[in-house]
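Notes follow once the structure below has been shown.
The values are calculated or read from the model by the stated rules, or taken from the named source; none is laboratory data. All values derive from a computational prediction rather than experimental measurement. Glycine also receives a Cβ, built like all others from the backbone with ideal geometry; neighbour counts cover every protein chain displayed.
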């Protein structure tokens, strides 16, 4: 794509579900039609299951969409690129130029196929588990209010959470987190809040 104005972006990049709330599908391409649109949809299947928006609805909005098979789906590695055949061919060239080529990856591909075949429908379980920790969670991201020392106290009790932004933490439910795990996490959070 050729753009004469150097101040106009060439790519409008949307990253889905980095934190709630979800980006409405209609708002995702508000930058205008002169721009290439890419969605780094690491967890695209999560809002698909949460909101019921069909995947082609997202695909029609973007020139390229990448989907991660490990985040949420439990594959050990792997991402997919959804776009035109011409763009896929160009992406393969760039992947190789940048050192991303791999040999003998059939076993990894098999894990990715297994994740797609067996773990998409169960994403709703992750969303329900996240709502145990954060009733406003839309997907598998629970947002927790932080306070001084909370993250260290949680870690001491065996509960690992990540920094989201100043004043807020995130807990992510996924394939390896059971109902019992979430109930235990909720209990730890409740005890530490009472002790504060």
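General observations
- Residue check for residue 137: in a helix (DSSP H, G or I), touching a residue at least 40 places away in the same chain (Cβ under 8 Å) and under 18 Å from the mean Cα position of the chain (by Cα): no
- Filter pass, residue 171 being touching a strand residue (DSSP E or B) at 6+ places or on another chain (Cβ under 9 Å), outside the structural domain of residue 60 (by TED's automatic domain parsing) and within 28 Å of residue 52 (Cβ to Cβ): yes
- Scanning region 143-192 for residues that are assigned to a helix (DSSP H, G or I), out of contact with any helix residue (DSSP H, G or I) (no Cβ under 9 Å at 6 or more places or on another chain) and farther than 11 Å from residue 133 by Cα turns up 151, 152, 155, 156, 180, 191.
- Residue match in region 37-49 (condition: surrounded by fewer than 17 Cβ atoms within 10 Å (Cβ to Cβ), in contact with a helix residue (DSSP H, G or I) (Cβ under 9 Å, 6 or more places away or on another chain) and on the phi < 0 side of the Ramachandran plot): no
- Considering residues of region 74-96 that are in contact (Cβ under 8 Å) with a residue 24 or more places away in the chain and either out of contact with any strand residue (DSSP E or B) (no Cβ under 7 Å at 6 or more places or on another chain) or surrounded by fewer than 13 Cβ atoms within 10 Å (Cβ to Cβ) (or both) only, the residue nearest to residue 126 (Cα to Cα): 74
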